[in-house]
1. Taking the condition in a helix (DSSP H, G or I), among the hydrophobic types (A, V, I, L, M, F, W, C) and surrounded by 21 or more Cβ atoms within 10 Å (Cβ to Cβ), does PHE33 pass?
2. Taking only pairs six or more apart or across chains, which ones have beta-carbon atoms under 9 Å, a first residue in the range 18-43 that is modelled with pLDDT under 95 and of a type in the set (Lys, Arg), and a second residue that is assigned to a helix (DSSP H, G or I) and surrounded by fewer than 18 Cβ atoms within 10 Å (Cβ to Cβ)?
3. Can you pull out the residues in the range 12-30 that are part of a loop (DSSP other than H, G, I, E, B) and crowded, with 18+ Cβ neighbours inside 10 Å?
4. From the residues in the range 36-47 that are hydrophobic (A, V, I, L, M, F, W, C) and outside any helix (DSSP H, G or I), which one is farthest from LEU182 (Cα to Cα)?
5. Given the criteria assigned to a loop (DSSP other than H, G, I, E, B) and under 13 Å from the mean Cα position of the chain (by Cα), does VAL8 qualify?
6. Would you point out which residue out of LYS47, LYS81, LYS73, LYS90 is basic (Lys, Arg) and either in contact with a strand residue (DSSP E or B) (Cβ under 6 Å, 6 or more places away or on another chain) or without any contact (Cβ under 8 Å) to a residue 40 or more places away in the chain (or both)?
7. Taking the criterion of being of a type in the set (Gly, Ala, Ser) and more than 16 Å from ILE187 (Cβ to Cβ), would at least one residue in the range 81-88 satisfy it?
8. So, in the range 71-101, of the ones that are in a helix (DSSP H, G or I) and of a type in the set (A, V, I, L, M), which residue ends up nearest to ILE152 (Cα to Cα)?
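The values are calculated or read from the model by the stated rules, or taken from the named source; none is laboratory data. Bear in mind that the values here come from a model prediction, so they are computed numbers and not experimental data. Glycine gets a Cβ as well: all are built from the backbone with ideal geometry, and neighbour counts include every protein chain shown.
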Amino acid sequence: MLINNAGVFNSPINQTSEGFQHELVVNYFGPVFLTNLLLKREIGLKKVVNVTSSLAKYGSFFFDDLKGLQMEKKVRYRNSKLALTAFTNKIIEEYKDKDVEFMAVHPGLVVTKLGRNILPNWFSWVEIIILPLLLLLAKLPIEGAQSILYCIAEDCSSGYYGDSRRKEWPQFCDNKEAINKLYKETISLLSNF
């Protein structure tokens, strides 16, 4: 089993030594690379859970800047999560005749350190005001993990999940032409490593 749960939001690191935007590497390229590496090694991988975000529905495909170096900071997270969701949707199709399940899971709004880079350190007093409000709307980490645990523990089939149940794929997953193009260009880009 593989759970791709790494995530970065508003990363202060701009570019990796390989020439990729850091946030896209952690949120998208890393999970795609690791998943494909393990699938090629045929180690008996039976389940892949990609942790995505409901913010992906606000993202867009980024073919003209696949490495993300020109991408605005405010759209990196949602675009990277759109790409990971689209990848999961595509790889289900690619491996439909294999004995492996792929899930894209969005845990919902969860109170974690994911947004720690949004405000500068001297703005920490804002957390004192916002945190109680956020706690009313957001899930605690253990609650956010429930959908991921559901996909691990239950006999879930490939698909899109949230709130510990199967859901409809986001609308952008209807754009098979864009998903196929992103998949092909991503695999080509990562083949250099």
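1. Numbers: in a helix (DSSP H, G or I): yes; among the hydrophobic types (A, V, I, L, M, F, W, C): yes; surrounded by 21 or more Cβ atoms within 10 Å (Cβ to Cβ): no.
So PHE33 fails the test.
2. none
3. PHE20
4. Of the range 36-47, the ones hydrophobic (A, V, I, L, M, F, W, C) are 37-39, 43, 45.
Right, trim to outside any helix (DSSP H, G or I) and you get 43, 45.
Values: ILE43: 26, LEU45: 24 Å.
Of everything passing the filter in the range 36-47, ILE43 is farthest from LEU182 (Cα to Cα).
5. Working: assigned to a loop (DSSP other than H, G, I, E, B): yes; under 13 Å from the mean Cα position of the chain (by Cα): yes.
Against the criterion (assigned to a loop (DSSP other than H, G, I, E, B) and under 13 Å from the mean Cα position of the chain (by Cα)), VAL8 qualifies.
6. Details: LYS81 fails: either in contact with a strand residue (DSSP E or B) (Cβ under 6 Å, 6 or more places away or on another chain) or without any contact (Cβ under 8 Å) to a residue 40 or more places away in the chain (or both); LYS73 fails: either in contact with a strand residue (DSSP E or B) (Cβ under 6 Å, 6 or more places away or on another chain) or without any contact (Cβ under 8 Å) to a residue 40 or more places away in the chain (or both); LYS90 fails: either in contact with a strand residue (DSSP E or B) (Cβ under 6 Å, 6 or more places away or on another chain) or without any contact (Cβ under 8 Å) to a residue 40 or more places away in the chain (or both).
Within the list LYS47, LYS81, LYS73, LYS90, the selection yields LYS47.
7. First, the residues of the range 81-88 that are of a type in the set (Gly, Ala, Ser): 83, 86.
Within this subset, residues satisfying the condition of being more than 16 Å from ILE187 (Cβ to Cβ) are none.
Looking for residues that are of a type in the set (Gly, Ala, Ser) and more than 16 Å from ILE187 (Cβ to Cβ), one finds none in the range 81-88, hence no.
8. The selected residue is ILE92.
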